[in-house]
Amino acid sequence: MAGSSGEQAADYRSILSISDEAARVRALDEHLSTRSYVQGYTLSQADVDVFRQLSALPADSRLLHVARWFRHIEALLGRPCDKGEACGPQASKGRRVQPKWSPPAGTEPCKLRLYNSLTRNKDVFIPQDGKKVTWYCCGPTVYDASHMGHARSYISFDILRRVLKDYFQYDVFYCMNITDIDDKIIRRARQNYLFAQYRERKPPATQLLEDVRAALKPFSVKLSETTDPGKKQMLERIQHTVEVAAGPLDQAVLAGLSEEEINSRAETLLEEAKDLLSDWLDSTCGSEVDDNSIFSQLPKFWEGEFHRDMEALNVLPPDALTRVSEYVPEIVNFVQKIVDNGYGYASNGSVYFDTMKFASSEKHSYGKLVPEAVGDQTALQEGEGDLSVSADRLSEKRSPSDFALWKASKPGEPSWPCPWGKGRPGWHIECSAMAGTLLGASMDIHGGGFDLRFPHHDNELAQSEAYFENDCWVRYFLHTGHLTIAGCKMSKSLKNFITIKDALKKHSARQLRLAFLMHSWKDTLDYSSNTMESALQYEKFMNEFFLNVKDVLRAPVDITGQFEKWEDEETELNKNFYDKKRAVHEALCDNVDTRTVMEEMRALVSQCNLYMAARKAARRRPNRALLESVAVYLTRMLKIFGAIEEESSLGFPVGGSQTSLNLESTVMPYLQVLSEFREGVRKIAREKKVPEVLQLSDALRDDILPELGVRFEDHEGLPTVVKLVDRETLLREREEKKRVEEEKRKKKEEAARRKREQEAAKLARMKIPPGEMFLSESDKYSKFDENGLPTHDTEGRELSKGLSKRLRKLYEAQERLHEEYLQMVQDGS
């Protein structure tokens, strides 16, 4: 830079003293021509003063130096100040900066709402501790095989749990109990034990018949007193079955048949009368059973079966599992504190919850879930258990609505020591004590079946809030809907149930889960052939889409060819894709509405199928990346729902769970080579007209490959599509195809037969001369003219002109037909 800052200031002062602005700017331009004012230029106060005298960039394009100098200082200080503005470095914009940014308005994020039985509304879900969710679920009472009613609850809760954990990203701690001490278990264990002993004794046929008759007497009384239609029908069925089985044995004994024949008939009666005899033996000998191990063996066995069923259904195991038998000390302490808090009382060795005392407390309320059911003695007695509703037990209560926290054990029942004498836990108290021990004074979610709301869950709430002296033991209560079987109520006690194992013999775990996903988790679900057929069709529909996308992705392409230009079709499909993702999210926020989600996913696949079909028709490849994005998204959603069990990257896995990960990638290259070889052979066979080779090629596609779980789909003018599909599915498809083809063949044959009959009938008509066509109708006409046309009816009346005219037209038509026939004969045809 030339000159010192003092010299520059003097130069600028002389320039500023020039009164004419144009002359002043020219002088400034001449001065600046001698200086470097861009690179390494240090801005002086004199520069700032002169710059402020200029109102704008000089208009004269010849003043290059002034223009460059002006732009340089403007970039540092901003534009020159107008008159009246505060000037100086503190008022300028300073260095060039980014413009002010404003965030978009956006949309209000969708919030998860769950149907809460405590309010009977969909409430916004707000966990008590950030993203952590504490959840307790009522588990099974293990005294028999798990049935589809269990599946309804545990698959539904598994779906909800997975969605909260894997979609909404909550940290879920899921606890479940096993009820292994219960009136039903005690009774069933005793019955099984006593019947096994009875059978081992091998009673003579006469003794067996006598015992069956003795058992039928109290059974008949029970039948006559039963008012419930379903239960009455079941008891009548048992009675009839036993009487039918007893008859042949009675006859065999009276007739003195062989011992072998009598033993065979006795064995049949023993099997048919098992329930009847077990109940009778328990009523007469049950109090003599004093081995506590008998009461633990039965629930241990059925608990194992339950866990195996859950694993087969792909239901995630709980994070913590509690058994009543392992928490008896905690239950005793829980009961004691309820008594200490003034809400429980001991009576004759049992302890009862004082519902009146609790309900009258200002900080508590009884019957939060089903207030209208409070006082329902039928429901309350069912909750107390079959062994706990005798007259003496009921008389121990202060109020009929009070319920047992602890039951004094009677002879033939398991017992544990406690401050009130030997006894066992009540049904409701177990969940309160176990959940309270693990989850504390308040949990986020409690779940169970709809039929548990009252009295079980209402009593749980009461005794837990009595223990913790709070009013918020459960924040959200979720109840799954009932399950019916072909429209009928399912009941284990009525023996109207389908076990999970039997259900899995007919349908896969995925198909059962899809059926549940296609219905609301809180509503009644009807397990029927129509329900399952819908699930099967949905699975097939989705699977075909995944297989088609895999075929698109297998098409060879170089690395840059993976990315193709998007046309209007791709843009539209992508818009629909994002619309469906938003709709799915909104549905999941709306009480985890999987039914709507499944329909939105189906609609998305339909749009993709239309897109692929249009591309195929135009002989153009569909966009790989877009279809893969859709398929990966759908796979992720089905994984979240638990409908895809294994680690499949795209679609439903093929083959068994052990081999599914590598099966497709291993065998597909070989199948692709086979497909290409077959296509080449077919091309040559068509060109050389060798039908035998084409038939062999079809047999490979239709008969051989389906047995291996491989489907070849031939499309005119396009490469064969190769798909790995479940073998049973392909065999069913093959049988269905044969059935359809056979129907087509029969219809074709029937149409040909009808055509032959019509032609024969027509030929027969053609052979008749017109003069003879009416002569055989003597039941209608009595006189005819010389041409054979009727003139009078059977009563001798002359025919009307209208009828004669119609008959004349028929005569003329027959005349033409007959002439046609004669011509055919003449022509030799």
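Which members of segment 369-380 meet the condition of being surrounded by 17 or more Cβ atoms within 10 Å (Cβ to Cβ) and part of a helix (DSSP H, G or I)?
379, 380
Can you confirm whether residue 737 is in contact with a helix residue (DSSP H, G or I) (Cβ under 7 Å, 6 or more places away or on another chain) and within 22 Å of residue 548 (Cα to Cα)?
Numbers: in contact with a helix residue (DSSP H, G or I) (Cβ under 7 Å, 6 or more places away or on another chain): no; within 22 Å of residue 548 (Cα to Cα): yes.
It is false that residue 737 is in contact with a helix residue (DSSP H, G or I) (Cβ under 7 Å, 6 or more places away or on another chain) and within 22 Å of residue 548 (Cα to Cα).
May I ask you to list the residues in segment 409-438 that are hydrophobic (A, V, I, L, M, F, W, C), open to solvent by 20 Å² or more (accessible area, probe 1.4 Å) and not in a loop (DSSP other than H, G, I, E, B)? Before you say what the answer is, go through the steps one by one.
Of segment 409-438, the ones hydrophobic (A, V, I, L, M, F, W, C) are 416, 418, 420, 427, 429, 431, 433-435, 438.
In the following step, the residues that additionally are open to solvent by 20 Å² or more (accessible area, probe 1.4 Å) were identified as 416, 418, 420, 427, 438.
Matches in segment 409-438: 416, 427, 438.
Quick check on residue 205: is it open to solvent by 50 Å² or more (accessible area, probe 1.4 Å) and either more than 21 Å from residue 489 (Cβ to Cβ) or aromatic (Phe, Trp, Tyr) (or both)? Let's see the steps before the verdict.
On the way: open to solvent by 50 Å² or more (accessible area, probe 1.4 Å): no; either more than 21 Å from residue 489 (Cβ to Cβ) or aromatic (Phe, Trp, Tyr) (or both): yes.
Answer is no for this residue.
Go through segment 722-746 and give me each residue that's more than 30 Å from the chain's Cα centre (by Cα) and either part of a strand (DSSP E or B) or of a type in the set (Val, Ile, Thr) (or both).
Answer for segment 722-746, where residues must be more than 30 Å from the chain's Cα centre (by Cα) and either part of a strand (DSSP E or B) or of a type in the set (Val, Ile, Thr) (or both): just 740.
Taking the condition modelled with pLDDT of 95 or more, of a type outside the set (A, V, I, L, M), open to solvent by 50 Å² or more (accessible area, probe 1.4 Å) and touching a helix residue (DSSP H, G or I) at 6+ places or on another chain (Cβ under 8 Å), does residue 171 pass?
Numbers: modelled with pLDDT of 95 or more: yes; of a type outside the set (A, V, I, L, M): yes; open to solvent by 50 Å² or more (accessible area, probe 1.4 Å): yes; touching a helix residue (DSSP H, G or I) at 6+ places or on another chain (Cβ under 8 Å): yes.
When the stated conditions are applied, residue 171 passes them.
Considering only segment 189-202, state which residues are open to solvent by 60 Å² or more (accessible area, probe 1.4 Å) and of a type in the set (Ser, Thr, Tyr). Break it down stepwise before answering.
Narrowing segment 189-202 to residues open to solvent by 60 Å² or more (accessible area, probe 1.4 Å): 192-193, 197, 199-202.
Scanning segment 189-202 gives a single hit, 193.
Can you tell me which residue within segment 352-364, out of those that are in contact (Cβ under 8 Å) with a residue 40 or more places away in the chain and exposed (fewer than 15 other Cβ atoms within 10 Å of the Cβ), is farthest from residue 335 (Cα to Cα)?
Residue satisfying both the conditions and the ranking: 363.
So the check is Cβ under 6 Å with 6+ separation or different chains; which pairs have a first residue in segment 627-640 that's closer than 17 Å to residue 316 by Cβ and a second one that's among the basic types (Lys, Arg)?
Every condition considered, the pairs that remain are 640/162.
Provide a single number: the residues in segment 157-184 that are of a type in the set (Asp, Glu) and without any contact (Cβ under 8 Å) to a residue 60 or more places away in the chain. Don't jump to the end; show me each part of the working.
Pass one, segment 157-184, residues of a type in the set (Asp, Glu): 158, 166, 171, 180, 182-183.
With the extra rule that they be without any contact (Cβ under 8 Å) to a residue 60 or more places away in the chain, the set shrinks to 171.
Here the count works out to 1.
With respect to residue 709, determine if the residue is exposed (fewer than 10 other Cβ atoms within 10 Å of the Cβ), of a type outside the set (Lys, Arg), out of contact with any Pro (no Cβ under 8 Å at 6 or more places or on another chain) and under 25 Å from residue 554 (Cα atoms). Before you say what the answer is, go through the steps one by one.
Working: exposed (fewer than 10 other Cβ atoms within 10 Å of the Cβ): no; of a type outside the set (Lys, Arg): yes; out of contact with any Pro (no Cβ under 8 Å at 6 or more places or on another chain): yes; under 25 Å from residue 554 (Cα atoms): yes.
No.
Select from segment 305-331 the residues that are assigned to a helix (DSSP H, G or I) and open to solvent by 20 Å² or more (accessible area, probe 1.4 Å) and list them in ascending order.
Start the filter on segment 305-331 by keeping residues that are assigned to a helix (DSSP H, G or I), which leaves 305-312, 324-326, 328-331.
Residues satisfying the conditions are 305, 307, 308, 311, 312, 325, 326, 329, 330.
All but one of (1) surrounded by fewer than 12 Cβ atoms within 10 Å (Cβ to Cβ); (2) in contact with a helix residue (DSSP H, G or I) (Cβ under 6 Å, 6 or more places away or on another chain); (3) among the polar types (S, T, N, Q) hold for residue 226, so report the exception by its number.
(1)
Residues are listed down the side, and each one gets a yes or a no for (1) surrounded by 15 or more Cβ atoms within 10 Å (Cβ to Cβ); (2) free of Cβ contacts under 8 Å to residues at least 40 places away in the same chain:
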{"site": "698", "(1), (2)": "no, yes"}
{"site": "724", "(1), (2)": "yes, no"}
{"site": "730", "(1), (2)": "yes, yes"}
{"site": "744", "(1), (2)": "no, yes"}
{"site": "748", "(1), (2)": "no, yes"}
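Checking the condition open to solvent by less than 80 Å² (accessible area, probe 1.4 Å) and not in a helix (DSSP H, G or I), which residue from 181, 186 passes?
Values: 186 fails: not in a helix (DSSP H, G or I).
Testing whether each residue is open to solvent by less than 80 Å² (accessible area, probe 1.4 Å) and not in a helix (DSSP H, G or I) leaves just 181.
The values are calculated or read from the model by the stated rules, or taken from the named source; none is laboratory data. A quick note: this is a predicted structure, and the numbers were derived from the prediction, not measured. With ideal geometry, Cβ positions are generated from the backbone for all residues, glycine too; neighbour counts draw on all protein chains shown. Heads up: the accessible areas ignore ligands, DNA and RNA and are worked out on the full protein's heavy atoms, side chains in. Shrake-Rupley method; radii C 1.70, N 1.55, O 1.52, S 1.80 Å.
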